Amino acid sequence: MDTSSPASATRPVRVGLVGTGYAAKLRAETLQKDERSQLIAIVGHTPEKTQAFSQTYQAEAMSDWQQLVERADVDMLVICTINRDHGAIARAALQNNKHVIVEYPLCLDVAEAEAIITLAQAQNKVLHVEHIELLGGLHQALKQSLPEIGTVFYARYSTINPQRPAPQRWTYNQELFGFPLSGALSRIHRLTDLFGTVATVSCQNRYWGNGVYQACLCTTQLSFTNGVVAEVTYGKGETLWQDERKFEVHGEKGGLIFDKEEGILVQAEATTPIEVGTRRGLFAKDTGMVLDHLFEGTPLYVTPDASLYALKVADAARRSAETGETIVVGD
């Protein structure tokens, strides 16, 4: 069943979970509470943590995802592990006739992502790439307020996270996390969701440290086919000094400024606060929406193709950073 197919699930969906981190915890909590799903088995990196995690959610602890995807008593795989492994696990799950939920990115390679989407269609299975930021209160408030500012011509999205010392985590490993805007794909996807297709990309990227780094700073300019120019800045680590999470959009009749969880509409005659909904509960909402889709045929809020397009734009940014050239983005 693809993401547009009618409902076909007639029993509790039996789920295998790869990962024991924050996202996996929130997925497991939702799956355990929902009578439409049954958490069967969990794979983690360390035996002790996997055992403790599995006991919490009354599931079997496993150490090998290859064995998990081959289990006949698993209908769906939920992938919440390091970015590098997303593609291989998703492909293997689909080859074994499982539905798949995967945290973004689907994988780090565009061609591989395209092949996985084609495989999901051929297998008639759900492939859902999570992009909970699209469900979040800030993004929804921004979309609802866009008509107030007229024709948009400029946007800026900046997330800077100083961390001293840099944590010894996979998110600071170039191989495991991927190029910054591929690993943190929501930065691109939120803009393509708002403004559509991208004409050209120009990017600069710097790491402090090799392989496992102490900091990174990636700044990118996107020129959209509708004339909008957007700048994206993503940085984290020891050499950055001021926390920032800001999203601003400027139009001919006003501007929308979101600073962390607060938003304002700025116009010539007045500045008006914008109510921003909570960020809480989005993984649960996402999980529930997939179950709704499986059992009731309810459309999902995002398609694999939309995620793939964001990945193509992020990969164009990577190529621009490597070559110093402006990259033209294809369809």
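The values are calculated or read from the model by the stated rules, or taken from the named source; none is laboratory data. This is a predicted model, so every value here is computed, not measured. We place every Cβ from the backbone using ideal geometry, glycine too, and count neighbours over all the protein chains shown.
If you go through segment 142-161, how many residues are assigned to a strand (DSSP E or B), among the aliphatic types (A, V, I, L, M) and touching a Gly at 6+ places or on another chain (Cβ under 7 Å)? Show your work before the answer.
Pass one, segment 142-161, residues assigned to a strand (DSSP E or B): 152-161.
Filter once more, so that each one left must be among the aliphatic types (A, V, I, L, M): 152, 155, 160.
If we keep only those that are touching a Gly at 6+ places or on another chain (Cβ under 7 Å) too, we end up with 152, 160.
Summing the residues that are assigned to a strand (DSSP E or B), among the aliphatic types (A, V, I, L, M) and touching a Gly at 6+ places or on another chain (Cβ under 7 Å) in segment 142-161 gives 2.
Among THR272, THR239, which is in contact with a Phe, Trp or Tyr (Cβ under 6 Å, 6 or more places away or on another chain), over 30 Å from LEU39 (Cβ atoms), assigned by TED's automatic domain parsing to the domain that holds GLN163 and free of Cβ contacts under 8 Å to residues at least 40 places away in the same chain?
Testing whether each residue is in contact with a Phe, Trp or Tyr (Cβ under 6 Å, 6 or more places away or on another chain), over 30 Å from LEU39 (Cβ atoms), assigned by TED's automatic domain parsing to the domain that holds GLN163 and free of Cβ contacts under 8 Å to residues at least 40 places away in the same chain leaves just THR239.
Restricting attention to segment 143-166, does a residue exist that is surrounded by 19 or more Cβ atoms within 10 Å (Cβ to Cβ) and within 15 Å of the chain's Cα centre (by Cα)?
No, that holds for no residue.
What's the number of the only condition in (1) closer than 24 Å to THR326 by Cα; (2) free of Cβ contacts under 8 Å to residues at least 24 places away in the same chain that GLU231 fails to meet?
All conditions pass for GLU231, except number (2).
Report yes if some residue within segment 90-111 is among the hydroxyl-bearing types (Ser, Thr, Tyr) and farther than 21 Å from ASP292 by Cβ; otherwise report no.
Our first condition is that a residue be among the hydroxyl-bearing types (Ser, Thr, Tyr); within segment 90-111, this holds for 104.
Keeping just the survivors that are farther than 21 Å from ASP292 by Cβ gives none.
No, every residue in segment 90-111 fails to be among the hydroxyl-bearing types (Ser, Thr, Tyr) and farther than 21 Å from ASP292 by Cβ.
Which residues, counting only those in segment 167-203, are crowded, with 20+ Cβ neighbours inside 10 Å and in a loop (DSSP other than H, G, I, E, B)?
Correct list: GLY178, PHE179, ALA184, LEU185.
Going residue by residue through segment 80-90, is there one that turns out to be charged (D, E, K, R), in contact with a Gly (Cβ under 9 Å, 6 or more places away or on another chain) and under 13 Å from LEU17 (Cα atoms)? Explain how you work it out, then say what you get.
Step one: filter segment 80-90 for residues charged (D, E, K, R), giving 84-85.
Now narrow it down to the ones that are in contact with a Gly (Cβ under 9 Å, 6 or more places away or on another chain): 84.
Applying the additional criterion that residues be under 13 Å from LEU17 (Cα atoms) yields none.
Taking every residue of segment 80-90 in turn, none turns out to be charged (D, E, K, R), in contact with a Gly (Cβ under 9 Å, 6 or more places away or on another chain) and under 13 Å from LEU17 (Cα atoms).
Could you tell me whether segment 241-257 includes any residue that is part of a loop (DSSP other than H, G, I, E, B) and crowded, with 19+ Cβ neighbours inside 10 Å?
No, the conditions are met nowhere in segment 241-257.
Quickly run through segment 48-92 and pick out the residues that are modelled with pLDDT under 95 and either in the same structural domain as GLN174 (by TED's automatic domain parsing) or among the basic types (Lys, Arg) (or both).
If the condition is that a residue be modelled with pLDDT under 95 and either in the same structural domain as GLN174 (by TED's automatic domain parsing) or among the basic types (Lys, Arg) (or both), then LYS49 is the only one that fits.
Filter segment 198-230 down to residues that are small (Gly, Ala, Ser) and closer than 14 Å to ILE188 by Cα, then give me how many there are. Even if it seems obvious, please write down each step before you answer.
So in segment 198-230, the residues small (Gly, Ala, Ser) come out as 199, 202, 209, 211, 215, 223, 227, 230.
When the remaining residues are screened for being closer than 14 Å to ILE188 by Cα, the result is 199, 202, 223, 230.
Final tally of qualifying residues: 4.
Results for (1) touching a residue at least 40 places away in the same chain (Cβ under 8 Å); (2) of a type in the set (Asp, Glu); (3) over 24 Å from THR20 (Cβ atoms), shown as yes or no for each residue.
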{"residue": "VAL129", "(1), (2), (3)": "yes, no, no"}
{"residue": "ILE132", "(1), (2), (3)": "yes, no, no"}
{"residue": "PRO162", "(1), (2), (3)": "yes, no, yes"}
{"residue": "SER182", "(1), (2), (3)": "yes, no, no"}
{"residue": "LEU191", "(1), (2), (3)": "yes, no, yes"}
{"residue": "VAL201", "(1), (2), (3)": "yes, no, yes"}
{"residue": "ASN210", "(1), (2), (3)": "no, no, yes"}
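Do you know which residues across segment 77-94 are part of a strand (DSSP E or B) and closer than 16 Å to HIS131 by Cα?
Within segment 77-94, VAL78, ILE79 qualify.
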